[in-house]
Every structure is written in structure tokens, then in C-alpha cells.
Amino acid sequence: MESKKFETEAIRTQMERSQFLEHSVPLYLTSSFVFEDAEDMRASFAEEKDRNIYSRYANPNSSEFIEKVCKMESAENGFAFASGMAAVYSTFAALLESGDHIVSSRSIFGSTHSLFSQYFPKWNISTSYFDVHKLESVEEIITPKTKILYAESPTNPGVDLLDLEALGKIAKKHGLIFIVDNCFASPYLQQPIKFGADLVIHSGTKLMDGQGRVLAGITVGSNELVDKIYRFSRITGPALSPFNAWILSKSLETLAIRVDRHCENALKLATYLENHERVAWVKYPFLKSHPQYEIAKRQMKAGGCVVAFELKGGLDAGRKFFDSIKLLSLSANLGDSRSIVTHPASTTHSKLTKEERASVGITDGMVRISVGLEHIDDIIADIGQALG
Ligand SMILES: *Cc1c(COP(=O)(O)O)cnc(C)c1O
């Protein structure tokens, strides 16, 4: 079938209608599926037939969600998980053997970092990190045991960018599986497979749901790699629930229009902050002052929902700013319709030393805002009064 534009696929990719001819896709809350007879059941278990058997393996609602994300990311196949972290863990666990080595960006999601540093060493899987500002050092840490190259762009919470095309070339040259966590950009703004990624991971909890309701994760990529992840996952059981899959698939219908507004609001807020006397610096991918503005323009359609800035006055100024916020939420999530403010140094990254924080771009007065869908005038008014 001829492929259509992003927005059309997001709305019109839909599972087959039932005998009731419903317009909007129903929810298939069922743990298992029935067979016609002994031969049907035998053939289904022998994988001679592609059909639903048990919702730990596949369910119509999850399959629809996966098909949509595959179209968005230009991927062949995928598997949907109960959370973003289940997707990250299962993807690595399915592909790696004892003795294997990961080369990863240092600026990655906190729980992913803990997985690499605290748990994978138990199975003799080691990780070396490269600095997001020194991509030329990536090749120096690749060893004969390296199997995966891993990155996130834009990074959290530093809002730095990694040149995905350059990383894709390095992965290809060394025969590595290149995996990108594309959660911050969403498939609407950036499609890593076009730059050489083999697998793309998302936490569906963020912009994909977009309304802070459900946890979800997904990994998409080539048939060959996804088949390994599917086989591991159907045994270990991290599958997404049909209810959450149904929510997610509905949410994807409005992904483009929502993310457009997130980005429009975020750019306006970033521009406002850039001209504010209490602000030392602002980082947003589509601000011309962003050090990697050229990379952003090349690989992203717009800048995303996250803006980072530095308050003059460090930690104390940060706390005072937080206590003065009235409308926006103080919460750890992002990509929600409600704008969210976080202070990484005193919360999500407080366990790191000051030097460790600095190495991933976090300073004491740094504030991260996930810009939501409220009217931009009200978002700016709240931040303005808190800065004053
Ligand atoms: C939130 C997040 C995750 C983890 O997703 P959960 O759904 O919370 O498990 C992974 N990567 C990134 C970049 C995230 O922001």
C-alpha cells in the first residue's frame, strides 16, 4: 500500500473492523484468543500462522500502536512494552551476551545509566561513556567486544544535541548496532533510522501519551533485530497492556498537532528567557544561540518541548524560583499538556557529585521546563513573576 503523510497515517492506521462496523477502534481487553480446531491451534503455535494467541505475545491494540510507530519511524517491526525502561532493558538483554561491551553517550536517562552501571556488570556486560561534546572520542573507546552504540538526542536535562548521522557512520564502520532513545524528540520531530539507527526506543509515557496518564515503551527497527527482542519479551513478559496501548494509539492521532504547539510555545518561552536579566543562559535546540543549532536544523523538524536555563544566583535562586511558581507543576515528568518545572541539581541528579553533574551539563542554577499546551501568555506570566 502506498504510504501517506505522517498525520494521515497516525489517524488512519487502524486494525480491521469487527462485525459491528465501529468507527473508532474498540478496546480488546482479553488475555487470550480462541482457536477453530486442533489443526488451527497447532499451526498457530508452530508460527505457521500470524495470529493472536496470548496478550503477552501480541494483542490487537498493541499491534495497532506498533504499526503506527513503525510507519512514523520508517521501521519494519516493533514490540510494545509496559514502560520506557522495560523497552530499554529488554532490548539490551535480548541482544547482548556475557562479555559484551556498550559504548554510550554519558548524557542518558537516569534509570538507563543505573541499568548500565549497577545491573549489567552482574552479567559481565560493561559500558564505556563518551562526552556529547567529543564525538571524535567515540572511536577510541570501541573495543573488539563492543556490540552496541547508544545515544539520546536532545539530551536530558542539558538539551545538548548529538549528530546522529555521524554516530550512524561510526556504528556502520565498526559493525555495531546503533540504538537511539528518541523519546525527547518524538517520531514527529526526528526519525533516527534515516540517520543510520538500527533500533529506536521510545518511552510512550512522555510526548506520545502527552497527557500524563499511562506508562508505555516501544522499540522499533529491522525485522531481524526486533525478532530477537520479541522472542526474549514473549518469554519474560514485559508486554504493554491492551488498555494502555489503546490510549497510546488514540494519542498518536493528535501527536503532530500537539507537538507543533509544544514547540511553538517552547520557542516563545526560550526567546523570552533569553532576554531576561535574571537568566544567565538559555538552551533550546531551535534558538540560534544553541551551540549545535546547525545539527538541530539538520535532524529535527522543530526544537521539542524542553527548555533549559540557568538562573543567576545558583542553588538558592533555584529554590526561591521553585517556591514562587504558582501555575506550572513541580513534577518529574515531561511531554505533558501541563507545563512542568524541575530543578535537576536538587532533585533528579542530586545523588551525583557536582563534577559528575557538570560532565552532563547540569549546573546549580539550572532549571528544566517541559513546556505544555496552556496559553503561552499564562506560561510566561507565571515564570516571569517567579523570576521577579
Ligand atoms: C522517561 C524516559 C525513559 C523511561 O521511560 P518510562 O516510561 O518512565 O519507563 C527513558 N528514556 C528517556 C529519554 C525518558 O525521558
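Listing for the model above:
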| item | result |
| --- | --- |
| Evaluation of ILE179 against (1) within 16 Å of the ligand (Cβ to nearest atom); (2) open to solvent by less than 40 Å² (accessible area, probe 1.4 Å); (3) closer than 30 Å to GLU310 by Cα (one fails), failing number | (3) |
| Those residues of region 67-98 which are more than 16 Å from the ligand (Cβ to nearest atom) and either among the hydrophobic types (A, V, I, L, M, F, W, C) or modelled with pLDDT under 95 (or both), in sequence order | CYS70, MET72, ALA75, ALA94, LEU95, LEU96 |
| Helices (runs of 4 or more DSSP H) lying entirely in region 282-383 (those with 3 or more residues that are closer than 28 Å to PRO192 by Cβ) | 293-299, 354-359 |
| Residue in region 154-164 that is charged (D, E, K, R), farther than 28 Å from PRO291 by Cα and open to solvent by 20 Å² or more (accessible area, probe 1.4 Å) present | no |
| Selected residue [among the basic types (Lys, Arg), within 16 Å of the ligand (Cβ to nearest atom) and open to solvent by 10 Å² or more (accessible area, probe 1.4 Å)] from LYS206, LYS172, LYS145 | LYS206 |
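The values are calculated or read from the model by the stated rules, or taken from the named source; none is laboratory data. On a predicted model such as this, the values are computed, not experimentally measured, just so you know. For neighbour counting, all protein chains shown are included, and Cβ atoms are generated from backbone atoms with ideal geometry for every residue, glycine included. Just so you know, the surface numbers come from the protein's heavy atoms only, side chains and all, with ligands and any DNA or RNA stripped out. Shrake-Rupley method; radii C 1.70, N 1.55, O 1.52, S 1.80 Å.
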